[in-house]
Amino acid sequence: MSLGHALRRIVEEYPLARTDPPAGHPLAHVIRKGAPDELRRALAPLDGPFLVKGSPGRGSHWAAVPWLAMFDPAVTTSATRGYYLVYLFPAHREAVHLSLAQGTVAAIREHGARAGEHLRASGVRLRQRLSDFSDALPVTAITLGTSGELPEGYEAAHILGVTYDLDALADERRLHADLATGIAAYRALKAWGGLDLPVLR
């Protein structure tokens, strides 16, 4: 299995998989184990360390939006806070987003109903700092096709990235190149001071 094949399996199989319980489901295993293993292999030449996790949901419930994320442990070890690079799988179309994203749950806890507004404003500011990556990671807004606090938070938390349709997932070379660019942007954001950036004048 390649990275592209793992991503494609999640895109194609997730809608049907959600009609069965996640416990012991083969696709849940792919998201938790198979896809993270492929992502670790793809990250190996990029001089980590990176913590890689995949989530199909919690307990007996599938996630509205499954994800496959990579974390710099010096920044965060969780999708709830800080910032990280993540593959997000929209519910409404056969596609996957590679997103440099801000932690959503921490923003919701701190800002409540204004979390989306805060995250979007922060994203605008961060994109200014990461303007060198705007051509290679041109997608500045994503849609996930489902309502709810977390999916809408993920949309608001997006900074920049790439969106792939199913055909694009066959291009393993492009996936690896974009992953390297995403990691470079992640590291650049860390070098700039992360989310605690001064307002540009």
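Things to note:
- In this simple spin-label approximation, D37 and L51 carry label points 7 Å from Cα along the Cα→Cβ vector, and these lie 2.2 nm apart.
- Dipole magnitude of the chain, debye to nearest 20 (Cβ charges: Lys/Arg +1, Asp/Glu -1, about Cα centre): 520 debye
- Gyration tensor over alpha-carbon atoms, the chain, equivalent ellipsoid semi-axes in Å: 25, 20, 15
- Other-chain or far-sequence residues with amide H under 5 Å of A63's (modelled H): G57, R58
- Rounded tilt (10° steps) of 172-191 against the dominant C-alpha axis of the chain: 40 degrees
- Trypsin sites (Lys or Arg not before Pro) restricted to the stretch 99-129 and DSSP loop, no more than 15 other C-beta within 10 Å: none
Every number in this text was worked out from the coordinates using simple rules, so none of it is lab data. Treat the numbers as computed from the prediction; the structure is a model and nothing was measured. With ideal geometry, Cβ positions are generated from the backbone for all residues, glycine too; neighbour counts draw on all protein chains shown.
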